[in-house]
Amino acid sequence: MAGYDAVTLTGDGRVRVVREDVRAPGPGELRIAVRVAGLCATDREIRDGEMVYFTTGFARYPVVPGHEWVGTVVEVAPDVEGFAPGDRVVGECSIGCGRCPTCRSGAYHLCPDREETGVVGRDGGLAGELVFPARAAHHVPEGLPDDAAALVEPSAVAVHAVDAADPGPGDSVLVVGAGPIGVLAMQAVRARGSEVTICDRAAARLALAQRLGADHTLDVTGTEPPRQRFDRVVEASGSAGGLRTAIAAARPGATVVCVSLYGAEIPVPVDVVVTGSLRLQGSLGSPGAWPRTLELIASGALTPDRIVTARYPLARAAEAFDQIGRPDQLKVVVDTGNGE
(Lines give C-alpha, C1' and ligand atoms only; values in the text may rest on other atoms or scores of the structure.)
Protein backbone atom coordinates (compact mmCIF):
# COMPACT_ATOMS: atom_id res chain seq x y z
CA MET A 1 0.00 0.00 0.00
CA ALA A 2 1.19 3.52 -0.77
CA GLY A 3 2.18 5.85 2.03
CA TYR A 4 0.73 9.20 3.02
CA ASP A 5 1.94 12.59 4.23
CA ALA A 6 1.64 13.57 7.90
CA VAL A 7 2.58 16.60 9.97
CA THR A 8 5.01 15.79 12.78
CA LEU A 9 5.81 18.04 15.74
CA THR A 10 8.75 17.68 18.09
CA GLY A 11 8.25 20.76 20.27
CA ASP A 12 11.01 22.86 18.72
CA GLY A 13 8.68 25.27 16.93
CA ARG A 14 9.05 23.57 13.56
CA VAL A 15 6.34 21.90 11.49
CA ARG A 16 7.58 18.99 9.41
CA VAL A 17 5.63 17.10 6.75
CA VAL A 18 6.93 13.53 6.59
CA ARG A 19 6.01 10.37 4.70
CA GLU A 20 4.36 7.60 6.72
CA ASP A 21 3.61 3.97 5.89
CA VAL A 22 0.01 2.85 5.75
CA ARG A 23 -1.01 0.77 8.77
CA ALA A 24 -3.83 -1.77 8.71
CA PRO A 25 -6.43 -1.36 11.49
CA GLY A 26 -5.99 -3.54 14.56
CA PRO A 27 -8.81 -5.08 16.59
CA GLY A 28 -11.60 -2.58 17.17
CA GLU A 29 -10.13 -0.02 14.79
CA LEU A 30 -10.91 1.84 11.57
CA ARG A 31 -8.47 3.02 8.93
CA ILE A 32 -9.61 6.46 7.84
CA ALA A 33 -8.65 8.80 5.00
CA VAL A 34 -8.70 12.25 6.57
CA ARG A 35 -10.51 14.89 4.52
CA VAL A 36 -10.24 18.11 6.56
CA ALA A 37 -8.57 18.90 9.88
CA GLY A 38 -8.94 21.99 12.05
CA LEU A 39 -6.20 23.76 14.00
CA CYS A 40 -6.51 25.44 17.37
CA ALA A 41 -4.37 27.13 20.01
CA THR A 42 -3.55 23.76 21.56
CA ASP A 43 -1.85 22.69 18.32
CA ARG A 44 0.26 25.85 18.35
CA GLU A 45 1.25 25.21 21.97
CA ILE A 46 2.27 21.65 21.04
CA ARG A 47 4.35 22.99 18.16
CA ASP A 48 6.14 25.41 20.45
CA GLY A 49 6.68 22.96 23.32
CA GLU A 50 4.39 24.91 25.67
CA MET A 51 1.34 22.68 26.03
CA VAL A 52 0.94 21.61 29.67
CA TYR A 53 0.65 17.88 28.95
CA PHE A 54 4.08 17.96 27.28
CA THR A 55 5.77 20.19 29.85
CA THR A 56 4.61 17.88 32.66
CA GLY A 57 5.52 14.64 30.85
CA PHE A 58 1.95 13.39 30.47
CA ALA A 59 2.42 13.53 26.68
CA ARG A 60 5.56 12.97 24.65
CA TYR A 61 7.02 13.95 21.29
CA PRO A 62 7.06 13.28 18.41
CA VAL A 63 3.35 13.52 17.68
CA VAL A 64 1.11 13.91 14.67
CA PRO A 65 -1.32 16.63 15.85
CA GLY A 66 -4.93 17.13 14.83
CA HIS A 67 -7.77 16.48 17.26
CA GLU A 68 -10.35 18.15 14.98
CA TRP A 69 -10.97 16.15 11.81
CA VAL A 70 -13.39 14.42 9.47
CA GLY A 71 -12.57 11.48 7.25
CA THR A 72 -13.82 8.57 5.18
CA VAL A 73 -13.53 4.99 6.37
CA VAL A 74 -11.18 3.04 4.12
CA GLU A 75 -10.82 -0.24 6.01
CA VAL A 76 -12.66 -1.84 8.93
CA ALA A 77 -11.19 -4.39 11.33
CA PRO A 78 -13.00 -7.76 11.16
CA ASP A 79 -14.39 -7.43 14.69
CA VAL A 80 -15.94 -3.97 14.15
CA GLU A 81 -19.67 -3.59 13.50
CA GLY A 82 -21.64 -0.51 12.51
CA PHE A 83 -19.07 0.96 10.12
CA ALA A 84 -18.25 0.27 6.48
CA PRO A 85 -15.83 1.60 3.88
CA GLY A 86 -17.15 4.87 2.50
CA ASP A 87 -18.72 6.04 5.77
CA ARG A 88 -17.87 9.61 6.69
CA VAL A 89 -16.86 9.83 10.36
CA VAL A 90 -15.51 12.08 13.07
CA GLY A 91 -13.74 10.98 16.23
CA GLU A 92 -13.46 12.09 19.84
CA CYS A 93 -10.32 13.52 21.33
CA SER A 94 -10.40 11.87 24.78
CA ILE A 95 -10.37 8.07 24.65
CA GLY A 96 -10.44 6.40 28.06
CA CYS A 97 -9.49 2.83 28.82
CA GLY A 98 -13.17 1.95 29.23
CA ARG A 99 -12.49 -0.30 32.23
CA CYS A 100 -11.55 1.84 35.22
CA PRO A 101 -14.07 3.35 37.69
CA THR A 102 -13.57 6.80 36.14
CA CYS A 103 -14.51 5.55 32.68
CA ARG A 104 -17.43 3.53 34.01
CA SER A 105 -18.76 6.70 35.68
CA GLY A 106 -18.87 8.41 32.28
CA ALA A 107 -15.88 10.68 32.96
CA TYR A 108 -13.66 8.94 30.43
CA HIS A 109 -11.99 12.27 29.62
CA LEU A 110 -10.38 12.07 33.08
CA CYS A 111 -9.19 8.47 32.78
CA PRO A 112 -5.60 8.32 34.11
CA ASP A 113 -4.70 5.96 31.25
CA ARG A 114 -6.52 7.88 28.53
CA GLU A 115 -5.29 8.70 25.08
CA GLU A 116 -6.04 12.03 23.45
CA THR A 117 -6.11 12.14 19.67
CA GLY A 118 -3.23 14.18 18.36
CA VAL A 119 -2.01 14.95 21.87
CA VAL A 120 -1.48 12.00 24.23
CA GLY A 121 -0.44 8.58 23.02
CA ARG A 122 -2.31 8.62 19.70
CA ASP A 123 -1.49 10.38 16.44
CA GLY A 124 -4.10 12.77 15.13
CA GLY A 125 -5.73 13.80 11.91
CA LEU A 126 -3.25 16.29 10.47
CA ALA A 127 -2.31 13.60 7.98
CA GLY A 128 -3.55 11.79 4.93
CA GLU A 129 -4.70 8.86 7.09
CA LEU A 130 -5.14 7.78 10.66
CA VAL A 131 -6.09 4.57 12.44
CA PHE A 132 -8.77 5.17 15.04
CA PRO A 133 -10.81 3.14 17.58
CA ALA A 134 -14.34 2.55 16.32
CA ARG A 135 -15.80 2.98 19.81
CA ALA A 136 -14.80 6.66 19.75
CA ALA A 137 -15.99 7.35 16.18
CA HIS A 138 -19.31 8.89 15.14
CA HIS A 139 -21.14 8.88 11.82
CA VAL A 140 -21.49 12.25 10.11
CA PRO A 141 -25.09 13.17 9.23
CA GLU A 142 -25.86 13.13 5.52
CA GLY A 143 -25.36 16.50 3.85
CA LEU A 144 -23.19 18.03 6.57
CA PRO A 145 -20.27 19.91 4.95
CA ASP A 146 -16.77 18.66 5.68
CA ASP A 147 -15.81 21.93 7.37
CA ALA A 148 -18.72 21.63 9.80
CA ALA A 149 -17.95 17.97 10.47
CA ALA A 150 -14.25 18.64 11.06
CA LEU A 151 -15.22 21.12 13.77
CA VAL A 152 -17.52 18.84 15.74
CA GLU A 153 -14.74 18.48 18.33
CA PRO A 154 -14.48 22.18 19.30
CA SER A 155 -18.26 22.43 19.03
CA ALA A 156 -18.64 19.58 21.52
CA VAL A 157 -16.12 21.25 23.85
CA ALA A 158 -18.24 24.41 23.73
CA VAL A 159 -21.48 22.49 24.30
CA HIS A 160 -19.94 20.67 27.29
CA ALA A 161 -18.82 24.00 28.82
CA VAL A 162 -22.27 25.53 28.37
CA ASP A 163 -23.83 22.43 29.93
CA ALA A 164 -21.57 22.99 32.95
CA ALA A 165 -22.83 26.57 33.22
CA ASP A 166 -26.39 25.22 32.79
CA PRO A 167 -28.21 28.37 31.65
CA GLY A 168 -31.94 28.29 31.17
CA PRO A 169 -34.55 30.53 29.55
CA GLY A 170 -34.47 33.92 31.22
CA ASP A 171 -30.84 33.65 32.34
CA SER A 172 -28.34 36.25 31.22
CA VAL A 173 -25.08 34.75 29.97
CA LEU A 174 -21.73 36.32 29.19
CA VAL A 175 -19.16 34.57 27.00
CA VAL A 176 -15.68 36.03 27.43
CA GLY A 177 -13.60 35.68 24.28
CA ALA A 178 -14.94 35.59 20.71
CA GLY A 179 -12.49 33.00 19.46
CA PRO A 180 -13.68 29.68 18.01
CA ILE A 181 -14.74 28.11 21.32
CA GLY A 182 -16.32 31.36 22.48
CA VAL A 183 -18.40 31.82 19.34
CA LEU A 184 -19.52 28.19 19.39
CA ALA A 185 -20.38 28.50 23.10
CA MET A 186 -22.40 31.59 22.27
CA GLN A 187 -24.43 29.58 19.77
CA ALA A 188 -24.85 26.75 22.28
CA VAL A 189 -26.24 29.24 24.80
CA ARG A 190 -28.67 30.53 22.20
CA ALA A 191 -29.80 26.97 21.54
CA ARG A 192 -30.79 26.76 25.21
CA GLY A 193 -33.02 29.83 24.90
CA SER A 194 -30.87 32.15 27.02
CA GLU A 195 -29.86 35.72 26.23
CA VAL A 196 -26.15 35.90 25.47
CA THR A 197 -23.58 38.66 25.39
CA ILE A 198 -20.09 37.98 24.01
CA CYS A 199 -17.08 40.19 24.67
CA ASP A 200 -13.66 40.51 23.09
CA ARG A 201 -11.02 43.06 22.14
CA ALA A 202 -11.09 42.29 18.41
CA ALA A 203 -13.78 44.17 16.50
CA ALA A 204 -13.72 41.70 13.58
CA ARG A 205 -14.42 38.78 15.87
CA LEU A 206 -17.26 40.61 17.60
CA ALA A 207 -18.79 41.46 14.22
CA LEU A 208 -18.73 37.79 13.20
CA ALA A 209 -20.24 36.76 16.55
CA GLN A 210 -23.07 39.21 15.99
CA ARG A 211 -23.71 37.80 12.52
CA LEU A 212 -23.80 34.31 14.01
CA GLY A 213 -26.47 35.11 16.58
CA ALA A 214 -25.11 37.00 19.58
CA ASP A 215 -27.81 39.07 21.28
CA HIS A 216 -25.22 41.64 22.37
CA THR A 217 -21.50 42.23 21.81
CA LEU A 218 -19.15 44.09 24.10
CA ASP A 219 -15.72 45.57 23.36
CA VAL A 220 -13.50 45.10 26.42
CA THR A 221 -10.42 46.87 25.08
CA GLY A 222 -10.46 49.16 28.13
CA THR A 223 -9.62 48.23 31.69
CA GLU A 224 -13.08 48.69 33.20
CA PRO A 225 -15.14 45.49 33.65
CA PRO A 226 -18.63 45.28 32.14
CA ARG A 227 -21.22 47.16 34.19
CA GLN A 228 -23.88 44.50 33.70
CA ARG A 229 -23.78 41.44 35.93
CA PHE A 230 -24.63 38.01 34.54
CA ASP A 231 -26.20 34.79 35.86
CA ARG A 232 -23.77 32.56 33.99
CA VAL A 233 -20.32 33.29 32.55
CA VAL A 234 -18.24 31.14 30.19
CA GLU A 235 -14.56 32.16 30.11
CA ALA A 236 -13.15 31.16 26.71
CA SER A 237 -10.33 33.68 26.21
CA GLY A 238 -7.55 31.77 27.94
CA SER A 239 -6.10 35.04 29.25
CA ALA A 240 -5.59 36.45 32.73
CA GLY A 241 -7.55 39.55 31.73
CA GLY A 242 -10.39 37.42 30.45
CA LEU A 243 -10.63 35.54 33.74
CA ARG A 244 -10.67 38.81 35.68
CA THR A 245 -13.45 40.07 33.42
CA ALA A 246 -15.43 36.85 33.86
CA ILE A 247 -15.29 36.99 37.65
CA ALA A 248 -15.98 40.73 37.82
CA ALA A 249 -19.03 40.36 35.54
CA ALA A 250 -20.62 37.54 37.57
CA ARG A 251 -23.47 38.53 39.82
CA PRO A 252 -23.57 37.10 43.36
CA GLY A 253 -24.31 33.39 43.28
CA ALA A 254 -23.41 33.06 39.60
CA THR A 255 -21.54 30.21 37.91
CA VAL A 256 -18.29 30.93 36.07
CA VAL A 257 -17.03 28.14 33.80
CA CYS A 258 -13.45 28.16 32.49
CA VAL A 259 -12.99 26.20 29.28
CA SER A 260 -9.54 27.46 28.21
CA LEU A 261 -6.04 26.49 29.22
CA TYR A 262 -3.90 29.45 30.30
CA GLY A 263 -0.39 28.04 29.90
CA ALA A 264 0.79 29.51 33.21
CA GLU A 265 -0.26 30.18 36.77
CA ILE A 266 -2.38 33.32 36.94
CA PRO A 267 -3.78 35.30 39.87
CA VAL A 268 -7.41 34.74 40.81
CA PRO A 269 -9.39 37.34 42.84
CA VAL A 270 -10.44 34.79 45.42
CA ASP A 271 -12.00 37.39 47.74
CA VAL A 272 -14.45 38.29 44.96
CA VAL A 273 -15.23 34.60 44.41
CA VAL A 274 -15.85 34.06 48.13
CA THR A 275 -17.77 37.25 48.92
CA GLY A 276 -19.90 36.77 45.82
CA SER A 277 -20.46 33.08 46.62
CA LEU A 278 -19.46 32.33 43.02
CA ARG A 279 -19.13 28.85 41.63
CA LEU A 280 -15.85 28.69 39.68
CA GLN A 281 -15.65 25.53 37.59
CA GLY A 282 -13.33 24.07 34.97
CA SER A 283 -14.63 22.30 31.90
CA LEU A 284 -12.35 19.80 30.15
CA GLY A 285 -13.12 18.06 26.88
CA SER A 286 -16.49 16.90 25.68
CA PRO A 287 -17.54 13.62 27.36
CA GLY A 288 -20.97 12.48 26.27
CA ALA A 289 -21.60 15.64 24.25
CA TRP A 290 -20.91 14.34 20.74
CA PRO A 291 -24.30 12.88 19.71
CA ARG A 292 -26.17 16.01 20.84
CA THR A 293 -23.57 18.29 19.25
CA LEU A 294 -23.97 16.51 15.92
CA GLU A 295 -27.73 17.03 16.21
CA LEU A 296 -27.27 20.75 16.95
CA ILE A 297 -25.00 21.17 13.94
CA ALA A 298 -27.33 19.18 11.66
CA SER A 299 -30.26 21.37 12.80
CA GLY A 300 -28.37 24.60 12.09
CA ALA A 301 -28.31 25.73 15.73
CA LEU A 302 -24.51 25.50 15.61
CA THR A 303 -22.74 26.58 12.42
CA PRO A 304 -19.03 25.80 12.92
CA ASP A 305 -18.27 25.91 9.19
CA ARG A 306 -19.07 29.64 9.25
CA ILE A 307 -16.15 30.37 11.57
CA VAL A 308 -13.58 29.05 9.05
CA THR A 309 -11.49 32.01 7.90
CA ALA A 310 -8.44 30.35 6.32
CA ARG A 311 -7.71 27.11 4.46
CA TYR A 312 -4.37 25.52 3.57
CA PRO A 313 -3.25 22.32 1.88
CA LEU A 314 -1.31 19.82 3.99
CA ALA A 315 1.94 20.72 2.21
CA ARG A 316 1.61 24.26 3.61
CA ALA A 317 0.78 23.22 7.16
CA ALA A 318 3.62 25.34 8.58
CA GLU A 319 1.94 28.46 7.19
CA ALA A 320 -1.39 27.33 8.60
CA PHE A 321 0.10 27.06 12.10
CA ASP A 322 1.34 30.65 11.85
CA GLN A 323 -2.25 31.85 11.39
CA ILE A 324 -3.52 30.37 14.66
CA GLY A 325 -4.64 33.05 17.11
CA ARG A 326 -4.28 36.02 14.79
CA PRO A 327 -7.00 38.64 15.48
CA ASP A 328 -8.02 38.59 11.80
CA GLN A 329 -8.41 34.80 11.80
CA LEU A 330 -10.90 32.65 13.67
CA LYS A 331 -10.56 29.04 12.55
CA VAL A 332 -7.86 27.66 10.28
CA VAL A 333 -8.40 24.33 8.52
CA VAL A 334 -6.11 22.07 6.54
CA ASP A 335 -7.41 20.23 3.48
CA THR A 336 -5.64 16.92 2.88
CA GLY A 337 -6.94 16.55 -0.67
CA ASN A 338 -8.92 13.39 0.18
CA GLY A 339 -12.32 15.09 -0.11
CA GLU A 340 -14.58 15.14 -3.12
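The values are calculated or read from the model by the stated rules, or taken from the named source; none is laboratory data. These figures come from a predicted structure and were not determined experimentally. Neighbour counts run over all protein chains shown; Cβ positions are idealised from the backbone, glycine included. Heavy atoms of the whole protein, side chains included, go into the accessibility calculation; ligands, DNA and RNA do not. Shrake-Rupley method; radii C 1.70, N 1.55, O 1.52, S 1.80 Å.
Observations, loosely collected:
- Amide hydrogen neighbours beyond the local backbone of residue 68, cut-off 5 Å, H modeled: 38, 125
- Centroid-to-centroid separation of region 285-329 and region 59-129 [C-alpha atoms, Å]: 18
- Between the amide H of residue 77 and those of 29, 31, distances stay under 5 Å, these residues lying 5 or more places away or on another chain, with hydrogens modeled in the peptide plane.
- Amide H partners (placed H, <5 Å) of residue 118, local residues excluded: 123, 124
- With a simple spin-label model that places each label point 7 Å from the Cα along the Cα-to-Cβ direction, the separation between residue 79 and residue 277 comes to 5.3 nm.
- Rounded accessible area per residue of the chain, 1.4 Å, Å²: 43
- Subtracting the Cα-Cα distance of residue 99 and residue 251 from their residue separation scaled by 0.36 nm leaves 50.6 nm.
- Surface share of carbon and sulfur [accessible, 1.4 angstrom probe, percent] for the chain: 49
- For region 1-139, the Kirkwood radius over C-alpha pairs fed into Stokes-Einstein at 10 °C and 1.306 mPa s yields D = 104 µm² per second.
- 3J(HN,Hα) along region 51-56: 5, 4, 5, 7, 6, 9 Hz, from the Karplus curve 6.51 cos²θ - 1.76 cosθ + 1.60 with θ = phi - 60°, whole Hz, x for Gly and Pro.
- Label zone at residue 284 (point 7 Å along Cα-to-Cβ), backbone N below 20 Å, region 43-60: 43-47, 49-60
- Backbone geometry of region 31-41 corresponds, through the Karplus equation with coefficients 6.51, -1.76 and 1.60 at θ = phi - 60°, to 3J(HN,Hα) couplings of 9, 10, 8, 6, 9, 9, 10, x, 10, 9, 4 Hz, x marking Gly and Pro.
- Applied to region 164-169, the Karplus parametrisation 6.51 cos²θ - 1.76 cosθ + 1.60 on θ = phi - 60° returns per-residue 3J(HN,Hα) values of 5, 6, 6, x, x, x Hz, with x for Gly and Pro.
- Dividing the summed helix terms, -39500 (n - 2.57) for each DSSP H run of n ≥ 4, by the number of residues in the chain produces a 222 nm estimate of -7000 deg cm²/dmol to the nearest 500.
- Sorted peptide list for 2-11, 319-328, criterion being average Cβ within 10 angstrom, highest first: 2-11, 319-328
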